[in-house]
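Engineer: Below you will find the structure I want to go over with you.
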Amino acid sequence: MAEPTSALPLAQPAPVLNNGAIFQAAQYRPLFEDHRARLVGDTLTVLIVEKVSATQKSTSSIDKSGKVAAGITALPFISSNSFGRASVAGSSSNTMDSKGSTENTNDFSGTITATVTGVLPNGHLLVAGEKQIGVNHNVDVLRFSGQVDPRAIQPGNSVPSAQIANVRIEHRGRGAQAEANGIGWLARFFLNVLPI
């Protein structure tokens, strides 16, 4: 997960010469557009819509058979009656049939407001955010980071996570429920030591 998950706005230097004009390059914001994140410290609403599905199936079949037979009927200077039992026969068969199937589906949705932590030379924004929700002794932590193209920002200063590059999403829990879902250290030790 990218660190830090928040950043304070950078102090804007005062213009060296105040020429009385409305346009100031150091503090430029378009007058006729919705507010959109563009500077370090600005906030951006990320609509997390992640759906990943993968399916893999494989089938293989092998059928192989063979048969060999040999016999001796006569040799010079040896009676033909001696070869009544001199015969060899063999056969082999090999059959294999296997099938495999793998299916994986992940669905993650939610909303988080992230902070612009950096601006790349091409204008893309590095964003990161963290949300913690605590109820009683349980805490759910959601962390998000990625790289946003300003052209993907929609009206309302929001962007879908599917249009963000290098996305990192982490959802973890702390508290009694998280501890109940984990394996104790003694059980982990025996799982590593036991051969089966």
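The values are calculated or read from the model by the stated rules, or taken from the named source; none is laboratory data. Not measured: the values here are computed from a predicted model. Backbone-built Cβ (ideal geometry, glycine too); neighbour counts: all protein chains shown. Note: accessible area is taken over every heavy atom of the protein model, side chains too, but ligands, DNA and RNA are not part of it. Shrake-Rupley method; radii C 1.70, N 1.55, O 1.52, S 1.80 Å.
Engineer: Every residue in region 90-108 that is open to solvent by 90 Å² or more (accessible area, probe 1.4 Å) and farther than 27 Å from residue 58 by Cα, please.
Structural biologist: 91
Engineer: Right, something else. Which of the residues belonging to region 127-171 are under 24 Å from residue 52 (Cβ atoms), surrounded by fewer than 16 Cβ atoms within 10 Å (Cβ to Cβ) and of a type in the set (D, E, K, R)?
Structural biologist: 149, 168, 170
Engineer: Scan region 48-63 residue by residue and report those that are open to solvent by 70 Å² or more (accessible area, probe 1.4 Å) and over 30 Å from residue 166 (Cα atoms).
Structural biologist: Kept after step one, since they are open to solvent by 70 Å² or more (accessible area, probe 1.4 Å), are these residues of region 48-63: 49, 51-53, 55-57, 59, 61-63.
Those that are open to solvent by 70 Å² or more (accessible area, probe 1.4 Å) and over 30 Å from residue 166 (Cα atoms): 59, 61, 62, 63.
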